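Worksheet: the structure to be examined is printed underneath.
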Amino acid sequence: MFYDLHVHTSMSIGENTLEEMVDFAKRLGVQGLGIVQYYPGQIVDLPKAAGIDLVKCIMLKPSNPNELSDFASKVRDKAEVLMVHGGDYEINRASCENSLIDVLCHPELGRKDSGLDHICAKAANENEVAIEVNFREVLESYKKNRVIVLSSMKKNIRLCKKYQTNVITASSAVTKWGMRSGRELAALSNVLGLDLGLAIDSVSTTAEDMVRKNREKLSGRRWEGVLVE
C-alpha cells in the first residue's frame, strides 16, 4: 500500500475538499492518505472513505520546545499520526527527542542549512521519530532556493542512513494537483540518496507500520513492549 501521510484539505490550509483529494488519490493509486489538521486549532474526526485509508494527522505548530511538549501531551491520544511543523532548530531537536512525536516535517524549511545534525538524527532513531522528505518544498522552490532545499534534504537523508532513522516521503499537497503517486514520491527520496528499497518503504511500509501501531495504542491493544492479540 502506498501512503501519502501529509496532505492538506479545506479543513486546514488546502484548496480542495476532502472528497476531491480522496478521489484524486485513488486515481494516483494511493491507498492511504494522511489528512492534516493543525493544533492549536479545532480537531475533528474523519469520515470513512471506501477504497482508501484516511489517517487523522495532527500537525503541531509550537513556538518553543516547552510548548511542543505541552501540545504533544494534550493531543497525542487524538492523533493517529502526530507531526511537528519543523524549521526552527530548537523545535527540530526537541521533536527528535520526544517519543510522543511520529514525524518531523520539513526540518529544512526557511533555512540555509538542513535543520538537523547528528544529535537530532540519533535522537530521532532512539525515539522512533521519522524525518520527512517534503515534495512541496521542492515543487514550490526555484533557482538558488531549490538548490539549497535539495542539498539540505540530501544531507538529512545521509544523516538518517547513518543513524538508521526512519524517513517518510510525502507530497504536503495543498491542492489535488500537488499530489503525486507513491512511486513518484519514492523516486524523489531515491534521487536524493535513499536506497531504493528504503525509498519505497518511506511511502509504504514505514508509514503503514506507524499508523497500525498508533491505532493499536489508541484502541488500548498496545502498550510499551506489549501487544494484545
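Coordinate-derived values only; no laboratory data. These numbers come from a predicted model, not from an experiment. Every residue, glycine among them, receives a Cβ derived from its backbone with ideal geometry; neighbour counts consider all protein chains shown.
For the chain, a simple Cβ point-charge model (Lys and Arg +1, Asp and Glu -1, everything else neutral) yields a dipole of about 500 debye relative to the Cα centre.
Annotation: average projected area of region 3-227 is 11.4 square nanometres, based on the convex hull of Cα atoms across all directions.
With the Cα gyration tensor of region 97-145 giving a ≥ b ≥ c as the square roots of its eigenvalues, does the rule (a/c under 1.5 for rounded; else a/b larger than b/c for prolate; else oblate) give rounded, prolate or oblate? Prolate is the answer for region 97-145, as a/c is 1.5 or above and a/b outweighs b/c. Scanning the chain for trypsin sites (Lys or Arg not before Pro) that sit in a DSSP loop and have at most 11 other Cβ atoms within 10 Å, the longest stretch containing none of them is 113-229. Here the calculated FRET efficiency for residue 66 and residue 44, from their Cβ-Cβ distance with R0 = 30 Å, stands at 0.65, rounded to the nearest 0.05.
Put in line by how crowded their Cβ is, counting other Cβ atoms within 10 Å and starting with the fewest, 11, 179, 153 read 11, 179, 153. Counting other Cβ atoms within 10 Å as a rough exposure proxy, the listed residues 60, 68, 18 run 18, 68, 60 from fewest neighbours to most. Spatial offset of region 24-98 relative to region 138-164 amounts to 22 Å, using the alpha carbon center of each. Exposure proxy ranking for 77, 88, based on other Cβ atoms within 10 angstrom of each Cβ and starting from the fewest, stands as 77, 88. Beyond 23 Å in Cα-Cα separation lie the following of the pairs 48/176; 48/213; 112/154; 154/213; 48/78; 176/213: 154/213; 176/213.
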